[in-house]
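Working notes, beginning with the structure itself.
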Amino acid sequence: MRIARRVKLVVPLFFALMLLAGVPAFAQLDLTGVWNPRTGDEDNPERLQGPSLVEFLGIPANDQGRQWGLAYKSSRLSLPEHECQVHVVEYIHRGPMQMRIWEVRDEVDHHLIAIRETISTYEQERTIWMDGRPRPSVYAPHTWMGFSTGVWEGNMLTVTTTHIKQGWHRRENLPASDESTVIEHFIRHGDTMTHVSVTEDPVFLEEPLIKSEDFNLVANPNTFNPFWPCEYIEEGETIPGAVPSYFAGENPWVAEYAATHNLPQEVTLGGAMTMYPEYRQRMKTLPVAKMPTN
Amino acid sequence: MKRTLLRVITVGLAGVALLAAYGTILLAQQPQIRTPRQTPPPVNPDYSRMEIETLPVQGKIFLLAGAGGNIAVQAGDDGVLLVDTGAEKMVDKTLAAIRKLSPKPIRTIIYTTLADDHTGGSGPLVKAGSVNQAGPGLGGRPNEADLIANTGILRLMTEIGEAKIPTDRWPPSTFHGKQKDLYSNDEPVVIEAVPNAVTAGDSIVWFRKSDVVVTGEIFNQTSYPFIDIEHGGTINGILAGLNRLLEITVPKHLQEGGTMLIPGHGRISDEHDLLEYRDMCTIIRDRVQNAISKNMTLAQIKAVKPGFTYEYDLRFGKNPAWTPDQFIEAIYKSLTARK
């Protein structure tokens, strides 16, 4: 009888606690400080030397994104207006960047208004609004870092970003459209922080692109270098108004990356199908790409 | 004892069900926040349900969006200057939106192009306006707003005729040649001709102190640029206009901000947005030109799969009134037209 009475008390208490768990937590983690990228991880090639030409693998690109990438000629970046083009928010955390994070709090009651992020790559300043303000209009301008709002989910900061410019899912390979939405999670484990991003792009992706990067807290925050000077110059002769691109079937670099790494051509062209474990069976049936002869 | 335990278990299970339902509701309540997509206007819009949204651009310039084509408003001590006037059936809402920005008279209206959704509201808006220093008995000029456009627009309107375009939309003030200069609300306003772009009479309007350019339909954030071949439009005219805009625009920092652009439709933009649009139009033009150089016919070009616009169609090919096929056809016709 006594047990039954206890159970009677414990069950409602348990459910009350469960219900409270659904409410956003108030006690959150402190993310402030200067963070260095862990560039020795699996994302090293993308963070430092950059991807090879036509290295689309690991990206759930749709056919449209793939066609855009195959038509892309790297010399387009030498057009003056492209030279100082910034990596958009869905890509910039894979830069060789440092970032400084700090909080903006109300002067009177110290409630959290925003979390600011300064990213050294391309000198980007980013505000993650924590005050529940409404999102901009469909007619509002888009920016490299977009418009971000954040919520705490337990000790994880979850950020949703809209209104981003056109940029890259993978630089000089696959485009990210200006209709992308990015959901990020900042998770701190002691002096290490994991950044996870989920990008949805109705124009160039067939499934969400999920990535992660790790950062280490810097002991001396005064080492932060916020500068990324970029001034465009004329890089050789270009015909005014010309835009470098390949016609269909004329990109000479399609097979180079695949052949260098003894991979079938198909897998290097990305797509959601190539990202699932069962694709390994299909890969075994595909011929390895051959190095282009010219 | 057994009954009590049974009751506890029942209550517990009910609680689990309640919790599951609550969890589902919580998940359902999580707003699915996504970047709003740039959508072209519907083919037969229900104007009674359409609302105008007003956004500050920068300086003295505001965007009125949702009245058809985008409308730019310059508001200041001198009065109101409008670039384009939206659709005819939205004119009451347009005027109400203008009045929220300024009680001063509409002094000047400028057309960027010929399309109904840019010129349709001009009749009532001109009559609601007042010319600087004019009035009854002053030179016999009616006391209404001045209406300015490239000569090409007046010529096209007269050719099309008043049965289709009422004469109160015809611009009494025209300019020919490269540009016309105004000074309004303490800033220079330059109207630059964009020859043979969307039509034979397009213009861009550059507010030099506010650092805003109204592009008209040569730059459209919801669609491929319309090319009205019948009325003098050409793809190379569009590209010349886009490249001219790239010369004018100056980004503030690393290709962002600075000179702001009000496109014919869709969101406020800057140089990088324009750059991607220019790149796209150039690449598609080059593909058609390359096919023409290989003696491909229009039918053969249209049959190529994936098509010449394929990678851009999910972003710019959604306009049922201006499909990718129509865009390709217009490019082909303008590139193969006899000079």
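Every residue in the range A:95-126 that is open to solvent by 40 Å² or more (accessible area, probe 1.4 Å) and either under 17 Å from A:Leu217 (Cβ atoms) or touching a Ser or Thr at 6+ places or on another chain (Cβ under 7 Å) (or both), please. Result: A:Pro96, A:Arg100, A:Trp102, A:Glu103, A:Arg116, A:Glu125. Applying the set (1) open to solvent by less than 50 Å² (accessible area, probe 1.4 Å); (2) away from chain B (no Cβ under 12 Å); (3) without any contact (Cβ under 8 Å) to a residue 12 or more places away in the chain to A:Val138 leaves exactly one unmet item: (2).
Please go through the range B:106-133 and give me each residue that is in a strand (DSSP E or B) and either in contact with a Lys or Arg (Cβ under 8 Å, 6 or more places away or on another chain) or closer than 22 Å to B:Leu261 by Cβ (or both), ordered by number.
Pass one, the range B:106-133, residues in a strand (DSSP E or B): B:106-110.
Result: B:Thr108, B:Ile109, B:Ile110.
Against the condition within 30 Å of A:Pro252 (Cα to Cα) and of a type in the set (Asp, Glu), how does A:Glu117 come out, does it pass? So A:Glu117 does not fit the description; no. Scanning the range A:270-294 for residues that are in contact with a helix residue (DSSP H, G or I) (Cβ under 6 Å, 6 or more places away or on another chain) and buried (at least 18 other Cβ atoms within 10 Å of the Cβ) yields a count of 2.
Output the helices (runs of 4 or more DSSP H) that fall wholly within the range A:56-159 and possess 1 or more residues being at pLDDT 95 or above and over 21 Å from the mean Cα position of the chain (by Cα), or say none.
In the range A:56-159, A:63-71 are the helices (runs of 4 or more DSSP H) which contain 1 or more residues that are at pLDDT 95 or above and over 21 Å from the mean Cα position of the chain (by Cα).
Go through the range B:303-317 residue by residue and tally those that are more than 25 Å from the chain's Cα centre (by Cα) and surrounded by 15 or more Cβ atoms within 10 Å (Cβ to Cβ). Reasoning before the result, please.
Start the filter on the range B:303-317 by keeping residues that are more than 25 Å from the chain's Cα centre (by Cα), which leaves B:303-307.
Then keep just the ones that are surrounded by 15 or more Cβ atoms within 10 Å (Cβ to Cβ); that gives B:307.
Total meeting the criteria: 1.
Per the listing B:Gln289, B:Gln300, the residue uniquely farther than 23 Å from B:Gly237 by Cβ, open to solvent by 30 Å² or more (accessible area, probe 1.4 Å), more than 10 Å from chain A (Cβ to nearest Cβ) and of a type outside the set (Lys, Arg) is B:Gln300. Mind checking whether some residue in the range A:159-168 is within 11 Å of chain B (Cβ to nearest Cβ) and either surrounded by fewer than 18 Cβ atoms within 10 Å (Cβ to Cβ) or in contact with a Pro (Cβ under 7 Å, 6 or more places away or on another chain) (or both)? Checking the range A:159-168: at least one residue is within 11 Å of chain B (Cβ to nearest Cβ) and either surrounded by fewer than 18 Cβ atoms within 10 Å (Cβ to Cβ) or in contact with a Pro (Cβ under 7 Å, 6 or more places away or on another chain) (or both).
Output the residues belonging to the range A:175-218 that are within 14 Å of chain B (Cβ to nearest Cβ) and farther than 21 Å from A:Thr143 by Cβ. Answer for the range A:175-218, where residues must be within 14 Å of chain B (Cβ to nearest Cβ) and farther than 21 Å from A:Thr143 by Cβ: A:Glu206, A:Pro208.
Residues are listed down the side, and each one gets a yes or a no for (1) in contact (Cβ under 8 Å) with a residue 40 or more places away in the chain; (2) at the interface with another protein chain (Cβ under 9 Å from one of its Cβ atoms); (3) surrounded by 21 or more Cβ atoms within 10 Å (Cβ to Cβ):
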residue: B:His253; (1), (2), (3): no, yes, no
residue: B:Gly257; (1), (2), (3): no, yes, no
residue: B:Tyr277; (1), (2), (3): yes, no, yes
residue: B:Asp325; (1), (2), (3): no, no, no
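Restricting to the range B:32-47, count the residues that are open to solvent by less than 90 Å² (accessible area, probe 1.4 Å) and either in contact with a strand residue (DSSP E or B) (Cβ under 8 Å, 6 or more places away or on another chain) or more than 14 Å from chain A (Cβ to nearest Cβ) (or both). The total comes to 9.
With the structure loaded, tell me whether B:Thr282 is hydroxyl-bearing (Ser, Thr, Tyr), surrounded by fewer than 22 Cβ atoms within 10 Å (Cβ to Cβ) and under 16 Å from the mean Cα position of the chain (by Cα) or whether it fails that test. In short, no.
Evaluate the range B:249-271: report whether one residue or more is under 17 Å from A:Asp178 (Cα atoms) and part of a helix (DSSP H, G or I). There is at least one residue in the range B:249-271 that is under 17 Å from A:Asp178 (Cα atoms) and part of a helix (DSSP H, G or I). You will find that of B:Ile248, B:Ile268, B:Ile204, B:Ile229, the residue that is more than 10 Å from chain A (Cβ to nearest Cβ) and within 18 Å of the chain's Cα centre (by Cα) is B:Ile204 and no other.
In the set A:Val104, A:Val138, A:Val89, A:Val108, only one residue is touching a Pro at 6+ places or on another chain (Cβ under 6 Å), at negative phi and aliphatic (A, V, I, L, M); that residue is A:Val138. Selection of the range B:58-74 for residues being within 12 Å of B:Thr94 (Cα to Cα) and open to solvent by less than 10 Å² (accessible area, probe 1.4 Å) yields B:Leu63, B:Leu64, B:Ala65, B:Ala67, B:Gly69, B:Asn70, B:Ile71, B:Ala72, B:Val73.
Go through the range B:178-209 residue by residue and tally those that are open to solvent by 10 Å² or more (accessible area, probe 1.4 Å), in a loop (DSSP other than H, G, I, E, B) and touching a residue at least 40 places away in the same chain (Cβ under 8 Å). Adding up the residues that qualify gives 5. Of all residue pairs spaced 6 or more apart or on separate chains, those with beta-carbon atoms under 9 Å, a first member in the range B:148-170 that is closer than 12 Å to B:Ile110 by Cα and assigned to a loop (DSSP other than H, G, I, E, B) and a second member that is at pLDDT 95 or above and open to solvent by 60 Å² or more (accessible area, probe 1.4 Å) are B:Trp170/B:Thr158; B:Trp170/B:Glu162.
The values are calculated or read from the model by the stated rules, or taken from the named source; none is laboratory data. On a predicted model such as this, the values are computed, not experimentally measured, just so you know. All Cβ positions, glycine included, derive from the backbone under ideal geometry; neighbour counts span all protein chains shown. These accessible areas exclude ligands, DNA and RNA; they are computed on the full protein's heavy atoms, side chains included. Shrake-Rupley method; radii C 1.70, N 1.55, O 1.52, S 1.80 Å.
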